[in-house]
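This report refers to the structure that appears directly beneath it.
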Amino acid sequence: MTTLTAACAVFAIVILLIILSYIAVRGITSINLEFLVDTPKPVGEGGGIGNAIVGSVMMTLLATLIGLPIGIGAGVYMAEFGNNWFGSTVRFISDTLIGIPSIIIGIFIYTLVVLPMGRQSGLAGGLALAIIMIPIVARTTEEMIRLVPNSMREAALALGAPQWRVIWNIVLPAASAGIATGVMLAIARISGETAPLLFTALNSRFYNYFFDQPMSSLTVQIYNYATGPFDIEHNMAWAATLILVGLILTINIAVRYLTRKRF
Amino acid sequence: MSQTGTVGDKVFRVILFITAAIILLIVAVMIFMMVLNSMPTIRQFGFGFLTGREWKPALSEFGALPFIYGTIVSSLIALIISVPISLGIAIFLVEQAPKKIATPIAFMVELLAAIPSVVYGLWGIFVLAPFVRNYLGVFLENYLGWLPLFQGRLTGIGMLTGGIILALMITPIITAVVRDVFEAVPTTQREAALALGATKWETTQIVLGNASSGIAGAVVLGLGRALGETMAVTMVIGNSPQISASLFEPAYTIASVLAANFAEATDRLYLSALIEIGLVLFLVTFVVNALAKLLILSVTRGRASAKHT
């Protein structure tokens, strides 16, 4: 039996290595500086992913700015005041929201933001990513805060500190490393999302620094290049993938390295 | 306690309460907006929308059955492939492998879950689809070709490839939850079995038995992921609204019809039809995820497992 179960593990690792080596080999041959700063051009004239990188960074930043305070706030609430029906409901809804297909979030933002505004925009894309981020950050924050020993709270309360001071100055700093790693993983997750951006942020062929205009992203650009008819587009898809996966794996491995003592 | 303390506490608590309430608000508004925007087709087609087999937006004919069929079949293929493999990995990691090799292997399996869907799709188009066309499909046709499942035009783009790519994507998710569930089974159970003279494999079977509802939860969670997985499937399943017995033929899932058509749907009724299938997917995954959570909790009660979601 051990042979059989070990074979399953080996199979998964082999798949991972095959995927990563394809990305590395096919991606590295198409990457150059021009590709990294140029905008998409008609086939045959080169072109690159500069505007897509800018768009992805801008929308991820917007999502983080919105998602972080709400997610951390909700996580603190669930951990510190959440032992009642309201806390359990928020916890349950957060967990189910995490499992909802991201394309559904895209539809929701389309009806809420794109239809009233009359056009796709970076704002809509950022909001969609924020909604994906909030429950993930909330649940990680809750878990990390629950790890802070009660004796620390009691010691601070005994010194006369009000409860908000205890949470703000004692509990949150104690849990901050854990929360930070959770946030990093959430950022890695949303930077790989494509489906919620397809019809919220749409795409753009130009550098765009305004959130009220359609915005390009790495992932949507990969999708367009991958499904295009020309080989040169496919090469660009692999190159853009190398950038994206390199970033995401770096975050995952860094988080793993920083938290290695706890696992 | 000082006055600023009590006022500060109240303000602080209200702010936190609001952030938590926002999560509930998001889901409530989500359901409201999607129902509101799918009213045109709900009114016009009623329940027939879900059982209709014709999808011709140009003629305003909207039947969602091909998408529901494609979603269910591709997810089933994914589960059939993924569940035994995931169970195998989890048993190996928790029950058999020494910690020194289990830790890096577990991390590498988790990395599979970190790869974005669109990247699986890219890999699927250029690596997996040719593999299915030239090797796997040919093999299945030769040995199991008497089944209607493995007959027909073999292009590499179709239901089978979609199911396989889904299987790869949900394997790390199912594995992670099953590992959690195994670790929640008390060590004393294993020691008791071993003390009674059970072999290592017999002991593992006892652990499996005790963890069974948690394993079911992991499978249901994987199902939820497979049902809603979008980009990778859209890129390899062929996107054709047909119901065919052959797994080689192209198909369509709910998520992929949304990804492929939503941006172009300008007609009010067409948009409403797409939002309504989105609503169906939303409700189904909501129920499936809730069920998974209840099943997993029945085994891991009290142990946090949000890190795998």
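The values are calculated or read from the model by the stated rules, or taken from the named source; none is laboratory data. In this text the structure is predicted, and so the values were computed from the model without any measurement. Here the Cβ positions follow ideal geometry from the backbone for every residue, glycine too, while neighbour counts run over all protein chains shown. Accessible surface is based on the protein model in full, side chains and every heavy atom, while ligands, DNA and RNA are left aside. Shrake-Rupley method; radii C 1.70, N 1.55, O 1.52, S 1.80 Å.
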Original post:
For residues in the range B:288-303 being of a type in the set (A, V, I, L, M) and more than 9 Å from A:Thr96 (Cβ to Cβ), which is most open to solvent (accessible area, probe 1.4 Å)?
Top reply: B:Leu294
Original post:
Among (1) modelled with pLDDT of 95 or more; (2) open to solvent by less than 10 Å² (accessible area, probe 1.4 Å), which single condition is A:Ile49 missing?
Top reply: (1)
**OP:** Of all residues in the range B:95-110, count the ones that are charged (D, E, K, R) and buried (at least 23 other Cβ atoms within 10 Å of the Cβ).
**Re:** 0
Original post:
Which one of A:Leu112, A:Leu129 is among the aliphatic types (A, V, I, L, M), more than 29 Å from B:Asp9 (Cα to Cα) and over 19 Å from the mean Cα position of the chain (by Cα)?
Top reply: A:Leu112
**OP:** All but one of (1) more than 11 Å from chain B (Cβ to nearest Cβ); (2) closer than 30 Å to B:Thr103 by Cβ; (3) of a type outside the set (Lys, Arg) hold for A:Phe206, so report the exception by its number.
**Re:** (2)
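Does the range B:79-101 include one or more residues that are among the hydroxyl-bearing types (Ser, Thr, Tyr) and under 19 Å from B:Gly238 (Cα atoms)?
Taking the range B:79-101 as the starting set, the residues that turn out to be among the hydroxyl-bearing types (Ser, Thr, Tyr) are B:82, B:86.
Then drop every residue that is not under 19 Å from B:Gly238 (Cα atoms), which leaves none.
The answer is no; no qualifying residue exists.
Is one or more of the residues making up the range A:85-93 among the hydroxyl-bearing types (Ser, Thr, Tyr) and in contact (Cβ under 8 Å) with a residue 60 or more places away in the chain?
Filtering the range A:85-93 for residues among the hydroxyl-bearing types (Ser, Thr, Tyr) gives A:88-89.
Filter once more, keeping what is in contact (Cβ under 8 Å) with a residue 60 or more places away in the chain: none.
No, every residue in the range A:85-93 fails to be among the hydroxyl-bearing types (Ser, Thr, Tyr) and in contact (Cβ under 8 Å) with a residue 60 or more places away in the chain.
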**OP:** Quick one: A:Leu123 ticks every box in (1) of a type in the set (A, V, I, L, M); (2) within 22 Å of B:Leu283 (Cβ to Cβ); (3) more than 7 Å from chain B (Cβ to nearest Cβ); (4) touching a Phe, Trp or Tyr at 6+ places or on another chain (Cβ under 6 Å) except a single one, so which number is it?
**Re:** (2)
Original post:
For the range B:206-265, which helices (runs of 4 or more DSSP H) that fit wholly inside it have 1 or more residues that are without any contact (Cβ under 8 Å) to a residue 12 or more places away in the chain?
Top reply: B:212-228
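Hey, can you tell me all the residues within the range A:77-131 that are in a loop (DSSP other than H, G, I, E, B), under 20 Å from A:Ile190 (Cβ atoms) and open to solvent by 20 Å² or more (accessible area, probe 1.4 Å)?
The answer is A:Gln120, and nothing else.
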**OP:** Would you check if A:Ala138 is crowded, with 24+ Cβ neighbours inside 10 Å and either touching a residue at least 12 places away in the same chain (Cβ under 8 Å) or of a type in the set (S, T, N, Q) (or both)?
**Re:** yes
**OP:** Could you tell me which residue of the range B:251-287 is surrounded by the fewest Cβ atoms within 10 Å (Cβ to Cβ), considering only residues that are facing chain A (nearest Cβ under 8 Å) and of a type in the set (Gly, Ala, Ser)?
**Re:** B:Ala263
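Starting from residues that are under 16 Å from the mean Cα position of the chain (by Cα) and within 7 Å of chain A (Cβ to nearest Cβ), keep the ones in the range B:111-124 and report whichever is surrounded by the fewest Cβ atoms within 10 Å (Cβ to Cβ).
First pass over the range B:111-124, keeping only residues under 16 Å from the mean Cα position of the chain (by Cα): B:112-118, B:120-121.
In the following step, the residues that additionally are within 7 Å of chain A (Cβ to nearest Cβ) were identified as B:112, B:114-118, B:121.
Working: B:Leu112: 21, B:Ala114: 19, B:Ile115: 25, B:Pro116: 23, B:Ser117: 25, B:Val118: 28, B:Gly121: 27.
In this case the residue turns out to be B:Ala114.
Look through the range A:148-191, keep the residues that are of a type outside the set (A, V, I, L, M) and within 21 Å of the chain's Cα centre (by Cα), and return whichever of them is surrounded by the fewest Cβ atoms within 10 Å (Cβ to Cβ). Lay out the reasoning, then the answer.
Filtering the range A:148-191 for residues of a type outside the set (A, V, I, L, M) gives A:149-151, A:153-154, A:160, A:162-165, A:168-169, A:173, A:176, A:178, A:181-182, A:189, A:191.
From the residues that got through so far, the ones that are within 21 Å of the chain's Cα centre (by Cα) too are A:176, A:178, A:181-182, A:189, A:191.
Numbers: A:Ser176: 11, A:Gly178: 18, A:Thr181: 19, A:Gly182: 27, A:Arg189: 21, A:Ser191: 21.
Ranking the candidates gives A:Ser176 first.
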